[in-house]
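Asker: The structure follows.
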Amino acid sequence: MFKGIFSKKRSRSKEDLELIKFILQKFAYRPNNLDHFIEALTHKSVTTTTGTDNIQFSNERLEFLGDSILDAVIAELLFLKFPNEDEGYLTQIKSKVVSRKSLSEIGETLGLKEVIRYHKGRSINLSTLEGNAFEALMGAIYLDGGYEAVKKTITNHIFRRYADLNKILEEEIDFKSRLFIWCQKSRLKLEFIILSEINISGTWQYEIEVQINEQAYGKGTGNSKKSAEQIASKETLILVGEIEL
C-alpha cells in the first residue's frame with residue numbers, strides 16, 4: 001500500500017486515490033500534497049525510504065507538530081466558549097479534550113487502523129497507534145492547508161461527526177453534580193464553604209472548600225464561584241477515590 005512514496009513526480013495509484021477518498025470522507029479535507037498524509041500514517045515499526053536517498057521516516061515528527069496545532073485549536077475553542085473562566089480552569093478542560101484516551105477514541109471511531117502502515121507482527125497498542133496517527137494527520141493538514149484548515153476540520157467535522165465535545169466537556173466539568181450524587185447515595189451532608197473572596201484590580205478571586213459531614217476535603221480557587229466549586233469538587237472526588245488523577 002502507498003507505493004512510490006515521496007517521489008517528486010508520480011501518477012496517482014489506486015492506493016493514492018483510496019487514501020484521498022478516506023481523508024476527504026473522514027476529515028472533510030482534500031489533500032494537496034499526499035506525501036504529508038502518507039507520512040502521517042506510517043508508524044516507526046515499518047521501514048520506509050524516500051526514493052534512492054535511503055532516508056527513513058515515520059509519523060513521529062508530524063505527531064509532534066499535530067499535538068501542538070491541536071492544542072492551539074482546542075485552546076482557542078475553549079477560550080471563546082468559556083469567556084469568564086480562568087487559565088487554570090481552561091487548562092484542566094483542555095487536558096481532558098486532548099488526553100490520550102480522548103484522541104485514541106477519536107482515532108478508533110475514524111477507523112484509522114485500516115489505513116495506518118505498521119508492523120503487524122509486533123506487539124503494538126492499536127489504541128495508542130490510532131491516537132498518535134490522528135495527531136500526525138492534524139500536522140499533515142497544517143502543513144498542507146494551514147492553521148485555518150485544521151481548525152475547520154476539528155470544529156466543523158470531527159466534533160460534529162466523530163467526537164461529542166459537549167459530552168467530553170460535561171464529563172469533565174460537572175464534578176459538583178457528581179459529588180452531590182455521591183454524597184446523596186451515602187446520605188452525607190455536602191457543603192461548599194467560601195474561605196475567601198477577594199477583588200484584585202477588578203477581578204474577583206474565590207477560594208472554596210468542600211465539607212462533607214462538616215469535615216474538610218477538597219479546595220478550589222477561581223475567578224468565579226462556579227469554577228472554584230468545580231475544582232474543589234474534583235479534588236474531593238479524587239480524595240474519596242471516585243475518580244483518578
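Every number in this text was worked out from the coordinates using simple rules, so none of it is lab data. Please read all numbers here as calculations on a predicted model, not as lab measurements. Ideal geometry is used to build each Cβ from the backbone, glycine not excepted, and the neighbour counts take in all protein chains shown.
Asker: Say we join alpha carbon atoms closer than 10 Å with springs in a Gaussian network model of the chain; which of 43, 157, 119 then has the biggest fluctuation?
Answerer: Highest fluctuation of the listed residues: 119.
Asker: With just the Cα atoms of region 14-172, tell me how far they stretch along each of the three principal axes, in Å, largest first.
Answerer: For region 14-172, the Cα extents along the three principal axes come out at 55, 34, 26 Å.
Asker: Can you give me the Kirkwood hydrodynamic radius for region 106-159, using every pair of distinct Cα atoms, in Å to one decimal?
Answerer: The answer is 12.0 Å.
Asker: Continuing with the same structure: Past the 21 angstrom mark, what percentage of all C-alpha to C-alpha distances in region 124-197 do you count?
Answerer: Of all Cα-Cα pairs in region 124-197, 56 percent lie more than 21 Å apart.
Asker: Mind pulling up the Rg/Rh value for region 195-245? Radius of gyration and Kirkwood radius, both on Cα.
Answerer: The Rg/Rh ratio comes out at 1.06.
Asker: Using +1 at the C-beta of Lys and Arg and -1 at the C-beta of Asp and Glu, which of 77, 99, 146 has the Cα lying farthest in the positive direction of the dipole of the chain?
Answerer: Towards the positive end, the residue furthest out is 146.
Asker: Now for a separate question. Could you sort the peptides 190-200, 231-241 by per-residue average Cβ neighbour count (10 Å cutoff), highest mean leading?
Answerer: Most protected by this proxy first, the peptides run 231-241, 190-200.
Asker: Just going by the charge dipole of region 174-239, with Lys and Arg at +1 and Asp and Glu at -1 on Cβ, which of 193, 216, 183 is farthest out on the positive end?
Answerer: 183
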